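Engineer: Below is a structure I'd like to ask you about.
The values are calculated or read from the model by the stated rules, or taken from the named source; none is laboratory data. A quick note: this is a predicted structure, and the numbers were derived from the prediction, not measured. Here Cβ is always computed from backbone atoms with ideal geometry, including for glycine, and neighbour counts include all displayed protein chains.
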Ligand code: SF4
Ligand code: FES
């Protein structure tokens, strides 16, 4: 980042601490999107091991049965649920649904687009993702 | 006459709240000869009504007149005094030190704007993107030629865009936007909100041409609805709302 442009850069884009839960949701959405993309590529590699026959496939399956494998899968479950539920919220917002109606602004100018419906949507996505991760961990470690 | 002097006496004897001091940290940087910015600290007296701009002007008056800062109206109207105050973009004239709840106030130039010197930043790009979305009514006739003397609107029609007409072009929204933080070509929340302002105006006939301008790779689709623009806007414009409503036209949810 050149001092010339004085852009905040990736650090500023990813800093979730300054603009409320909406910016946290933005940060989680980007992170989970990248994580799912990485998982998608790894998953193609993983399933392509079937070409190595029964032995190759079993070897690969063994890797997912380790502690690290379980934790990674639990994180993938969390990312998947958050990205889906929050994605529905964001898509509705993109269509102008639930973002409030234009009106004459009155001090102290609370932005109508940052309303409780969206906040509930964000908190629900986080809670559902956490619940799905816990369920996944219980299933995997309960085997 | 006697009454006037008694009023004057009364005002002089009215106790004012006790004064305290804060540390004002000002980012100093001159792109012509500095490699990086550094902070200078000043101890400034303040009352509960003292604004950050007044504290900076105090520094200019008594400690260092070379501090570069842009301001004009001192009442959140001209949009000149945007800066990062304790980590967030705010108007210096509209931010009271007492509301920051801190004895240390740090002021820096707005992010995502090139620095001229210290706290003053260049606005060329904001004005260019603002101009790009055609910020005026587009139609074939004019109020001068029309039989009706002026293009009348109902209060309801005015409500569709009036909050977006409040924009003072201060740039705080562009400074808070996470997309602006990395994308030098993004049109930005200020210009997009203004595009909505004109598209929603019942007198305007330029909707299609404006939608065409913003429907490009560094246009409206780069907004991810983080909402930070709306949280920092000092005039209640709520650019995030305008952008989503505008996107509603492109996605076919609105006509
Ligand atoms: S939309 Fe608000 S924050 Fe952005 S330039 Fe206009 S007044 Fe400033
Ligand atoms: S000095 Fe005009 S907006 Fe602050």
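Engineer: Just checking, how many residues over the range B:32-62 are exposed (fewer than 15 other Cβ atoms within 10 Å of the Cβ) and away from ligand 2 (no atom under 16 Å from the Cβ)?
Structural biologist: 15
Engineer: Another question, if that's okay. Please name all residue pairs, on different chains or six or more residues apart, with Cβ atoms under 7 Å, provided the first residue is in the range B:64-87 and is in contact (Cβ under 8 Å) with a residue 24 or more places away in the chain and the second residue is part of a loop (DSSP other than H, G, I, E, B) and more than 16 Å from ligand 1 (Cβ to nearest atom).
Structural biologist: From the range B:64-87, the pairs are B:67/B:118; B:68/B:118; B:68/B:119; B:69/B:118; B:69/B:119; B:83/B:119.
Engineer: Mind checking which residues of the range B:77-101 are part of a loop (DSSP other than H, G, I, E, B) and either crowded, with 17+ Cβ neighbours inside 10 Å or more than 13 Å from ligand 2 (Cβ to nearest atom) (or both)? Break it down stepwise before answering.
Structural biologist: Step one: list which residues in the range B:77-101 are part of a loop (DSSP other than H, G, I, E, B), which gives B:77-81, B:86-87, B:95, B:101.
Residues satisfying the conditions are B:79, B:80, B:81, B:86, B:87, B:95, B:101.
Engineer: Having 2 or more residues that are without any contact (Cβ under 8 Å) to a residue 24 or more places away in the chain, within 15 Å of ligand 1 (Cβ to nearest atom) and buried (at least 21 other Cβ atoms within 10 Å of the Cβ) is the bar; report the helices (runs of 4 or more DSSP H) wholly within the range B:153-255 that clear it.
Structural biologist: Because the criterion is at least 2 residues that are without any contact (Cβ under 8 Å) to a residue 24 or more places away in the chain, within 15 Å of ligand 1 (Cβ to nearest atom) and buried (at least 21 other Cβ atoms within 10 Å of the Cβ), the helices (runs of 4 or more DSSP H) in the range B:153-255 that meet it are B:239-251.
Engineer: Out of B:121, B:107, which single residue is more than 15 Å from ligand 1 (Cβ to nearest atom) and either surrounded by 14 or more Cβ atoms within 10 Å (Cβ to Cβ) or not assigned by TED's automatic domain parsing to the domain that holds residue B:167 (or both)?
Structural biologist: Going through B:121, B:107 in turn, just one is more than 15 Å from ligand 1 (Cβ to nearest atom) and either surrounded by 14 or more Cβ atoms within 10 Å (Cβ to Cβ) or not assigned by TED's automatic domain parsing to the domain that holds residue B:167 (or both): B:107.
Engineer: Go through the range A:88-109 residue by residue and tally those that are under 18 Å from the mean Cα position of the chain (by Cα), surrounded by 14 or more Cβ atoms within 10 Å (Cβ to Cβ) and more than 7 Å from chain B (Cβ to nearest Cβ).
Structural biologist: Of the residues in the range A:88-109, 2 are under 18 Å from the mean Cα position of the chain (by Cα), surrounded by 14 or more Cβ atoms within 10 Å (Cβ to Cβ) and more than 7 Å from chain B (Cβ to nearest Cβ).
Engineer: Evaluate the range B:65-76: report whether one residue or more is within 14 Å of ligand 2 (Cβ to nearest atom), within 14 Å of chain A (Cβ to nearest Cβ) and in a loop (DSSP other than H, G, I, E, B).
Structural biologist: yes
Engineer: Right, next: Taking residue B:86 and the conditions (1) over 30 Å from residue B:35 (Cβ atoms); (2) away from ligand 1 (no atom under 13 Å from the Cβ); (3) touching a helix residue (DSSP H, G or I) at 6+ places or on another chain (Cβ under 7 Å), which numbered condition does it fall short on, given that it satisfies the others?
Structural biologist: (1)
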